[in-house]
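Engineer: Would you mind keeping the following structure in view while I ask a few things?
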Amino acid sequence: ETGVTQSPTHLIKTRGQQVTLRCSSQSGHNTVSWYQQALGQGPQFIFQYYREEENGRGNFPPRFSGLQFPNYSSELNVNALELDDSALYLCASSLQGAVKTEAFFGQGTRLTVV
Amino acid sequence: QKEVEQDPGPLSVPEGAIVSLNCTYSNSAFQYFMWYRQYSRKGPELLMYTYSSGNKEDGRFTAQVDKSSKYISLFIRDSQPSDSATYLCAMNTGFQKLVFGTGTRLLVSP
């Protein structure tokens, strides 16, 4: 167990709807990164949050947005859902400023858009 | 060209075999190299972490990094059916995004 928890574990949404996914980081970690993993692919970086601010973003449109809270937990919001947004969404927790930049993942949220 | 290339497999081996998993990469700025194991419908689990070139051993697992060739490997000795999973290589330049390979699916038969 990594101590990184994500909720919900599964959900089904309709195209055009909005969704919010949640992540609690591992104790002592101050950085949260979000990844999208399509079936049969490796995870793709969406963005990272550090000190409640976005700290790097991958090649994802603005309808993917996020938040980080003072307790370092985080949310991923996706607006105007598209069928291609169906994927496993992973949250990774790490410690910015540490010698090792190990990232530990949660179990993921499986999103299905119909 | 993808930044990280990894053969998707599947790679099928008998129990007890030595398994070799590999990735190549194109970004010479990568300094941190990781291997993750991912069981079906689960999140990736960190197996090995290596900084720069060299070897690192942990039990049955050995990670190798050859920065001159931009090539990394994971060896699994005495493979077990419980090792059946997808193995993802990942790397980065520092604190920001991890860049993953596609993952290699490993099947170890009893």
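Engineer: Nearest 20 debye, what's the magnitude of the dipole of chain B about its Cα centre given +1 on Lys and Arg Cβ and -1 on Asp and Glu Cβ? All intermediate terms of the calculation are to be shown ahead of the outcome.
Structural biologist: Working: 11 positive and 10 negative charges, 56 e Å.
So the dipole magnitude of chain B works out to roughly 260 debye.
Engineer: Using only C-alpha positions, report the orientation-averaged shadow area of the convex hull of region B:8-70, nm², one decimal.
Structural biologist: Numbers: hull surface 21.5 nm².
Hull-based average projected area comes out at 5.4 nm².
Engineer: Next question, about the same structure. Let me check against my output: what whole-number percent is the relative contact order of region B:1-76, with C-alpha pairs under 8 Å and at least 6 apart? List each step's numbers first, then the result.
Structural biologist: Values: 119 pairs, mean separation 22.1, N = 76.
That works out to 29 percent.
Engineer: Just counting partner chain Cβ atoms within 10 Å, what average do the residues of peptide B:37-46 show around their Cβ?
Structural biologist: Whole-number average of other-chain Cβ neighbours for B:37-46 is 6.
Engineer: If you don't mind, another one. Note the direction-averaged projected area, equal to a quarter of the hull surface, for the Cα convex hull of region A:6-114, in nm².
Structural biologist: Numbers: hull surface 25.8 nm².
Projected over every direction and averaged, the Cα hull of region A:6-114 covers 6.5 nm².
Engineer: Okay, moving on. What aspartates and glutamates could a cross-link reach from B:Lys42, if we take a straight Cα to Cα line under 15 Å and drop same-chain neighbours fewer than 8 places away?
Structural biologist: A:Glu1, B:Asp83
Engineer: Something else now. Report the local net charge at B:Thr62: Lys and Arg +1, Asp and Glu -1, summed over other residues whose C-beta lies under 14 Å from its C-beta. Intermediate results must be reported in sequence, preceding the final value.
Structural biologist: Values: positive: B:Lys56, B:Arg60, B:Arg77; negative: B:Glu57, B:Asp58, B:Asp66, B:Asp78, B:Asp83.
Result for the neighbourhood of B:Thr62: -2.
Engineer: Relative contact order of chain A, please, whole-number percent, based on alpha carbon pairs below 8 angstrom and at least 6 residues apart. Present the calculation step by step, with values, prior to reporting the outcome.
Structural biologist: Details: 297 pairs, mean separation 41.9, N = 114.
The normalised contact order for chain A reaches 37 percent.
Engineer: Let me have the relative contact order for region B:64-110, percent, based on Cα pairs under 8 Å that are six or more residues apart. Numbers along the way, then the final one.
Structural biologist: Values: 51 pairs, mean separation 16.8, N = 47.
Relative CO of region B:64-110 lands at 36 percent.
Engineer: List the aspartates and glutamates whose alpha-carbon lies under 15 Å from that of A:Lys13, not counting same-chain residues fewer than 8 positions away?
Structural biologist: List returned: A:Glu82, A:Asp84, A:Asp85.
Engineer: If you take the charge dipole of the protein assembly as shown about its Cα centre, with +1 on Lys and Arg Cβ and -1 on Asp and Glu Cβ, which of B:Val19, A:Asn30, B:Ile72 is farthest toward its positive end?
Structural biologist: With unit charges placed on the Cβ atoms, the residue in question is A:Asn30.
Engineer: Taking beta carbons within 10 Å but only from partner chains, what does the mean come to for residues B:49-55?
Structural biologist: Values: counts 4, 0, 3, 0, 0, 0, 0.
For this peptide, the per-residue mean of nearby foreign Cβ atoms is 1.
Engineer: Could you estimate the translational diffusion coefficient of chain B from the Stokes-Einstein equation, with Rh from the Kirkwood formula over C-alpha pairs, at 4 °C and 1.567 mPa s, in whole µm²/s? Mind showing how you got there, number by number?
Structural biologist: Details: Rh = 13.9 Å.
This corresponds to a translational diffusion coefficient of 93 µm²/s.
Engineer: With each pseudo-label sitting 7 Å past Cα toward Cβ, what's the A:Gln96-B:Gln80 distance in nm, one decimal?
Structural biologist: Here the answer is 3.9 nm between the modelled labels.
Engineer: In region B:3-44, what trypsin sites (Lys or Arg not before Pro) fall in a loop by DSSP, with at most 14 other Cβ atoms inside 10 Å?
Structural biologist: Working: sites: B:Arg37, B:Arg41, B:Lys42; in loops: B:Arg41, B:Lys42.
The qualifying sites are B:Arg41.
Engineer: What translational D, rounded to a whole number of µm²/s, comes out for the protein assembly as shown from Stokes-Einstein when the hydrodynamic radius is the Kirkwood one over Cα pairs, at 10 °C and 1.306 mPa s? Don't jump to the answer; show the numbers that get you there.
Structural biologist: Working: Rh = 17.9 Å.
Roughly 89 µm²/s, to the nearest whole number.
Engineer: For region B:57-91 and region B:13-56, write down the distance between their C-alpha centroids in whole Å.
Structural biologist: 4 Å
Engineer: Inside 10 Å of the C-beta atoms of A:75-85, what's the mean count of C-beta atoms belonging to other chains? Intermediate results must be reported in sequence, preceding the final value.
Structural biologist: Values: counts 0, 0, 0, 0, 0, 0, 0, 0, 0, 0, 0.
Across A:75-85, the average partner-chain Cβ count within 10 Å equals 0.
Read-outs throughout are calculated quantities, based only on the coordinates presented, and are distinct from any laboratory measurement. Values in this document were obtained by computation on a predicted structure and should not be read as measured data. Heads up, the Cβs are rebuilt from the backbone with ideal geometry, glycines too, and the neighbour counts pull from every protein chain shown.
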